[in-house]
Amino acid sequence: MLCEPVLARGIKMRKINITILALVIAQAFPAGCSSQKNTSGFHATHRAAAKAKDQCSNDEYKLAAYVWPSCHHDERFGDMIWPDGTGEWEVIKKGTPRFEGHYQPKVPLWGYQPDDDSKVMERWIDAATDHGINVFIFDWYWYDEGPFLESSLNNGFLKAKNNEKMQFYIMWADLDITRNLLNAYKYPGDRSLLWDGGVDLKNFKIIVARVIEQYFKKPNYFKIDGKPVFSLFDITNLTEGLGGLQQAREAIDYFRAETKKAGFPGLHFQQIVFGTPDEEILHQIEALGADSVTSYNWWSGSHPEDYVQWGVQAMERREKWDAALSIPFFANASIGWDDSPRFPHQGKEQIVHLNKSPEAFSSFLQKAKEYCNEHPQQPKLITIYAWNEWVEGSYLLPDIKYGFGYLEAVKKVISGKYDKY
């Protein structure tokens with residue numbers, strides 16, 4: 001996804017040998033540790049039950065992988081941004097190694113396929129569900145009073161003959177976009193703003209009507225307690241676009257009312273967060289009445305080069321969020337970070353490359369699963385970054401280097417075969 005602008009705005013390194021990965025994680029976060037969210041001894045009471053439930057079937061867990069729908073020709077802006085007609089594959093193919101052993105460009109096992117093709121999506125759905133991924137979260141955009149990159153969902157997923165096999169929901173990525181972020185080769189050094197992620201009330205109401213009609217009413221739209229889940233990326237852009245926090249709350253209340261009018265018991269409003277909780281973001285989350293919180297990935301404004309360190313730091317932040325919130329925080333497991341194809345002059349210090357492997361990912365996904373079991377009062381939802389973030393180096397889809405390694409890791413963890421004890 002297009003993360004840099006909002007993160008740079010202020011959601012403001014030592015090598016660890018992979019052979020001690022399990023020890024590092026286990027010592028930092030033992031399976032039975034308390035989140036301290038419930039001070040009445042909740043976690044101690046449920047620890048044994050959580051351990052037993054770790055062997056439960058995949059049906060109990062909702063593994064939701066983010067889909068970055070950029071690899072097709074967008075009918076509104078494709079000619080302006082990616083003129084070769086293949087969407088962001090144009091940029092991904094131009095990735096170059098920045099140091100010895102750096103795997104660039106990424107090479108998908110199934111080729112450079114368009115993500116708005118229903119046949120391609122049918123293969124994705126089969127591969128996902130065969131390995132335990134049962135929800136897709138589609139990154140969704142609205143710029144210049146209209147949708148952007150919507151065809152992957154509309155023409156790909158929703159027209160796939162087997163889409164009933166899995167659920168989906170929307171994450172509105174309402175972030176600011178600069179020209180060079182989308183295509184640094186066409187707009188070298190051009191950091192001028194192409195789109196502001198905020199919208200006015202008129203456009204917000206158009207979005208609400210569109211999302212309810214096109215997506216919420218689909219039988220496989222993901223719901224919690226019968227309420228369609230709608231996730232928001234940038235809380236600041238939402239409030240600024242609508243004129244302030246009070247106006248944003250009124251807009252969300254309008255969204256809830258319209259969702260009820262459509263026959264649902266309500267709206268489940270989910271907020272994406274980065275970094276650690278502070279007074280301002282906690283106030284915003286409470287003021288907007290969010291129903292849950294999760295992360296898009298482990299980014300926090302900066303990151304180490306070492307994947308294991310990155311993951312351990314993310315779990316430390318997760319504990320802080322869990323303790324600070326009175327609403328559910330859903331765990332996230334991230335595969336990696338390497339957005340160097342977007343930035344031709346980027347060096348290895350901006351890339352998570354040490355100790356990155358399907359095996360290391362398995363350990364952190366296992367920890368996310370254990371977190372679910374320690375929170376039986378909330379749905380067992382885990383968000384995964386990502387299904388197909390080729391341009392940011394985070395994808396479950398098979399490629400030439402790892403094959404099906406990451407998908408097999410998911411299957412092993414969620415089936416209980418990864419940790420039998």
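In table form, for the structure just shown:
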{"item": "Furthest towards positive pole of dipole, PHE255, ASN180, ILE327, structure part the chain, Cβ charges", "result": "ILE327"}
{"item": "Table column - 3J(HN,Hα) (Hz), the stretch 68-82, Karplus curve with 6.51, -1.76, 1.60, x for Gly and Pro", "result": "9, x, 9, 9, 7, 7, 6, 5, 8, 10, x, 5, 6, 9, 10"}
{"item": "Overall Cα dimensions of the stretch 194-299, principal axis frame, Å, largest first", "result": "36, 28, 27"}
{"item": "Principal axis box of the stretch 225-275, alpha-carbon based, largest edge first, Å", "result": "32, 24, 11"}
{"item": "Alpha-carbon Debye profile of the chain, log10 I(q)/I(0) at 0.10 Å⁻¹", "result": "-0.65"}
{"item": "Relative packing of peptides 356-364, 397-405 - highest average C-beta neighbours within 10 Å first", "result": "356-364, 397-405"}
{"item": "Alpha carbon convex hull of the stretch 301-376, volume per residue in cubic angstrom", "result": "97"}
{"item": "Förster-model FRET efficiency, 35 Å R0, ILE206 and HIS283, C-beta, rounded to 0.05", "result": "0.80"}
{"item": "Distance between the stretch 182-257 and the stretch 341-361 - C-alpha centres, whole angstrom", "result": "30"}
{"item": "Karplus (6.51, -1.76, 1.60) ³J(HN,Hα), θ = phi - 60°, over the stretch 320-337, in Hz, Gly and Pro reported as x", "result": "5, 5, 4, 6, 7, 9, 9, 10, x, 10, 9, 5, 10, 10, 10, 8, x, 8"}
{"item": "Listed pairs LYS119/LYS161; LYS227/LYS260; LYS119/LYS401; LYS119/LYS165; LYS227/LYS380 exceeding 18 Å between Cα atoms", "result": "LYS119/LYS401"}
{"item": "Distance in nm between pseudo-label sites at ALA257 and SER415 (7 Å out along the Cβ direction from Cα)", "result": "5.1"}
{"item": "Expected 222 nm ellipticity per residue - DSSP helices of 4 or more, -39500 (n - 2.57), all of the chain, to 500", "result": "-10000 deg cm²/dmol"}
{"item": "Farthest toward positive dipole pole in the chain [+1 Lys/Arg, -1 Asp/Glu at C-beta], among GLY289, SER362, PHE204", "result": "SER362"}
{"item": "Listed peptides 240-247, 263-270 by packing density, highest first (mean Cβ within 10 Å)", "result": "263-270, 240-247"}
{"item": "Integer Hz, Karplus 6.51/-1.76/1.60 couplings in order for the stretch 351-358, x for Gly and Pro", "result": "10, 7, 9, 7, 6, 8, 6, x"}
{"item": "Dipole in debye (nearest 20) - the chain, about Cα centre, beta carbon charges: Lys, Arg +1; Asp, Glu -1", "result": "1120"}
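Bear in mind that the values in this text are calculations on the coordinates, not laboratory data. Owing to the predicted nature of the structure, the values given are computational and were not obtained by experimental measurement. Here Cβ is always computed from backbone atoms with ideal geometry, including for glycine, and neighbour counts include all displayed protein chains.
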